[in-house]
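We did not get these values from a lab; they are worked out from the coordinates using the rules stated. Values in this document were obtained by computation on a predicted structure and should not be read as measured data. No Cβ is skipped: glycine too gets one built from the backbone with ideal geometry, and neighbour counts run over all protein chains shown.
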């Protein structure tokens, strides 16, 4: 039996990268996973089902408050509960501040920060009624240390950390934990565009001399969503290979 048997998880941005790895990992622990994304998440569902898990794909635009609330309400109504929410959906629009377009600033915050609010608000109401639940927000090590050319991304992820800590205080009395994970350099579509020199430079900054993988982040999510983390809330777990110490 899996440690998450009988539980229902909603993962945003589940079509690829970290979100897909998280969905697959939670399903491996026995959760029924609702894979939300603006992209088609049927490949994620197929991989989960092929491994013996249970999942479903739903269209989810985290910038649409009404749509997000409908996805949460539908999942809770059909499955009778919602135990885990992983706010993973996010984008980058990198540029030095003096050259950054206002629309690129706004778009990153709309998805990375406002999107988490729009999904978490209805999910928190379900979890509060249940008097149980886990919320895991995917932030970034950039929120802790900053990075040139990512003022919008760093601000959105730093905001997500503040959101995490505040919500942990609000929901703790209802047995709902809220934590964040701060990944470092992870092998995703965002790092695929790097050349070998750029990759070598990134790796040289790490204590563990390799880029992280989506599975590394998924393992941390599984811990925070699992029974072993029942007394952990308001924490930012740094998964960066020693980039930020």
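What distance in nm separates the two pseudo spin-label positions at residue 165 and residue 131, each 7 Å out from Cα along the beta-carbon direction?
Between residue 165 and residue 131, the simple spin-label model gives 3.0 nm.
When the chain is modelled as a GNM with alpha-carbon springs shorter than 10 Å, which of 36, 184, 46 fluctuates the most?
46
How high is the relative contact order of the range 1-84, in percent, with contacts defined as C-alpha pairs under 8 Å that are six or more residues apart? Spell out each step's value before the answer.
On the way: 162 pairs, mean separation 25.0, N = 84.
The value is 30 percent.
Taking other Cβ within 10 Å of each residue's Cβ, how do 213, 12 sort, fewest first?
213, 12
If you find the alpha carbon centre of the range 37-80 and of the range 99-148, how far apart are they in angstrom?
The range 37-80 and the range 99-148 have Cα centres separated by 18 Å.
Note down the nm distance, to one decimal, between modelled labels 7 Å out along Cα→Cβ at residue 73 and at residue 194.
Inter-label distance under the simple model: 4.3 nm.
Per-residue ellipticity at 222 nm for the chain, helices alone: DSSP H runs ≥ 4 residues times -39500 (n - 2.57), over residue total, nearest 500 deg cm²/dmol?
Calculated mean residue ellipticity at 222 nm is -13500 deg cm²/dmol.
Which of rounded, prolate, oblate describes the range 73-193, given a ≥ b ≥ c as roots of the alpha-carbon gyration tensor eigenvalues and a/c under 1.5 marking rounded, otherwise prolate only if a/b is larger than b/c?
On the way: a/c = 2.25, a/b = 2.08, b/c = 1.08.
Prolate, since a/c reaches 1.5 and a/b exceeds b/c.
If you line up the long axis of helix 17-28 against the longest principal axis of the chain, both from Cα atoms, how many degrees apart are they, to the nearest 10?
The two axes meet at around 30 degrees.
Using alpha carbons only, how many degrees (0 to 90, rounded to 10) separate the axis of helix 214-225 from the longest principal axis of the chain?
For 214-225 against the chain, the angle is about 40 degrees.
Listed highest first by mean packing, meaning other Cβ atoms within 10 Å per residue, what order do 21-28, 97-104 come in?
Per-residue mean Cβ counts within 10 Å order the peptides as 21-28, 97-104.
Multiply the residue separation of residue 63 and residue 47 by 0.36 nm, subtract the distance between their alpha-carbon atoms, and state the gained length in nm to one decimal.
Length difference between fully extended and current span is 3.1 nm.
Using Cα springs under 10 Å in a Gaussian network model of the chain, which residue among 149, 115, 133 shows the largest mean-square fluctuation?
Of 149, 115, 133, the Gaussian network model singles out 149 as fluctuating most.
Once you put a point 7 Å from the Cα of residue 99 and another 7 Å from the Cα of residue 38, both along the Cβ direction, what distance in nm separates them?
Those two pseudo-labels are separated by 2.4 nm.
Helix 115-130: angle to the longest alpha-carbon principal axis of the chain, degrees 0 to 90, nearest 10?
30
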